[in-house]
1. What's the whole-number percent of alpha carbon pairs in region 1-77 lying beyond 21 angstrom?
2. Which whole-number value in Å³ per residue fits the convex hull of the alpha carbons of region 318-408?
3. Output the relative contact order of region 1-62, whole-number percent, from Cα pairs under 8 angstrom with separation of 6+ residues.
4. Taking the mean number of other Cβ atoms within 10 Å as a proxy for protection, how do you rank 40-48, 391-399, 191-199 from highest to lowest?
5. Quick one, what does Rg over Rh come out to for region 252-353 if you take C-alpha atoms and the Kirkwood Rh?
6. For Lys274 and Gln306, calculate 0.36 nm times their separation in residues minus their Cα-Cα distance, and state this gained length in nm to one decimal.
7. Size of the chain along its principal axes in angstrom, Cα-based, largest extent first?
8. Be a star and scan region 367-402 for residues whose amide nitrogen sits under 11 Å from the point 7 Å along the Cα-to-Cβ vector of Lys333.
Amino acid sequence: MKIKKGKLLIDQHDKNFMYGGKFGGNFVPETLKKPIDDLTKLFTKLRKDKKFLKERDECFKSYVGSPTPFIKLENLTDYLKGAQIYAKVVSEANGGAHKIYNATVHCLIAKKAGKKFIVGDTGAGYAGKMLSMAAKKFGLKCKIFMGAKDIKRQRPNVEAMKKNGATIVPVTTGSQTLVDAVSECMRYWVSNCDTTHMCVGSTVGPNIFIKICAWSTAQISRELFIQVKEEFGKIPRKIKLLNCVGGGSSAIGFWNEFMDTDAEFVGIEAGGPKNSNLHAAPLTNGSKIGILHGAAQYVIQDKEGQIGSTESISAGLDYPGISPLHCFLKDTKRARYTSANDEEALKAYQLVSKLENISPSLEPSHAFHEAIRLAPRLKSSEVIIVNSCGDSIKDKDIIKQKLGSYKR
């Protein structure tokens, strides 16, 4: 089992849509097989359609705001005195996060499919916010499923969704977080798939949703590949691409174009509260393979094999599973995974927002912690790039509560 060079990662599955024969697949009820097959056929056609690709690219440029900035963090680099630290500031995209790419493509697909309604899940609120924005732009009616716990802790994004005309469905079952929102969204789609298109907010779920999301967010690395070559004249051999990992969409998008290079991929999961057994880091903590939301993956489980509880200060990383693509990257050793706890993420946010003119949300703050840890140990000839994939505005209440103040 290995990564095949020259072939997109999303297409490296077998006839059963399994990556490495172990991860992914379509473990869905009979009622979902036809809508999934129909969507798979449509997307297979659209991703080769020049007219559709042109429409996508025009939307990314004029609506999303591509390309997003690639900057050197001069002050952080000087402060740590080690590797050169850069950031791909994806939070400068319309709406403040990487989720806008996936939301835009899904709305384009919904229009091509003749659907008037679109539904989606959200944890941090960014996937929901972006979907509500894109739905409004394309004239679609939008419904967002969100855990009741997340509704309380991500209030700014909830308010934004309402302003965009979306209906928010509070999910009060289970942990009342992202995992339950995804489950309820899928249940709704089963009963309404004839009129409604479903947008899964990350690279999780049945294979077609993994493909659409990863294909959409790959725009991040397409831009970055060009920007890195312009900055250094080539792709540096000693380069590390650091990205937070929850469901895994921003990381796959960040790494996609660098698969065939010597770039090192480092994924940072949510380690949860310090001195707690609860976390959202299945890859870092040796979780076993299980089935979640229609796909086989490493997933946090209890002794009976039931989906286990998670906890993280970051709603966007608070998920018990992980994209099958990341499981594949881990098993092939193409990517390395670690974690940062809540306190480490907060400290990283403090340092970065103090020294630089960016204010990362708590999700990429996990990746910035790893950059801060690694940089002093590396030579100045080495390069670290962090995907600053979200803006801290959505976390202002949490940050103010934890740190006593919030300044963007």
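Every number in this text was worked out from the coordinates using simple rules, so none of it is lab data. These figures come from a predicted structure and were not determined experimentally. Virtual Cβ from ideal backbone geometry, glycine too; neighbours counted across all protein chains shown.
1. Details: 1662 of 2926 pairs.
For region 1-77, the fraction of Cα-Cα distances above 21 Å is 57 percent.
2. Numbers: hull volume 11.0 nm³, N = 91.
Taking only Cα atoms, region 318-408 has a hull volume of 121 Å³ per residue.
3. On the way: 21 pairs, mean separation 8.4, N = 62.
In percent, rounded to a whole number, it is 14.
4. Numbers: 40-48: 14.6, 391-399: 22.2, 191-199: 18.0.
Highest mean packing first, the order is 391-399, 191-199, 40-48.
5. Details: Rg = 14.3 Å, Rh = 14.4 Å.
Reported Rg/Rh (Cα atoms, Kirkwood Rh): 0.99.
6. Details: separation 32, 0.36 × 32 = 11.52 nm, distance 2.42 nm.
Taking 0.36 nm per residue and subtracting the Cα distance, the gain is 9.1 nm.
7. 57, 45, 45
8. No residue qualifies, since no backbone N sits under 11 Å from the label point.
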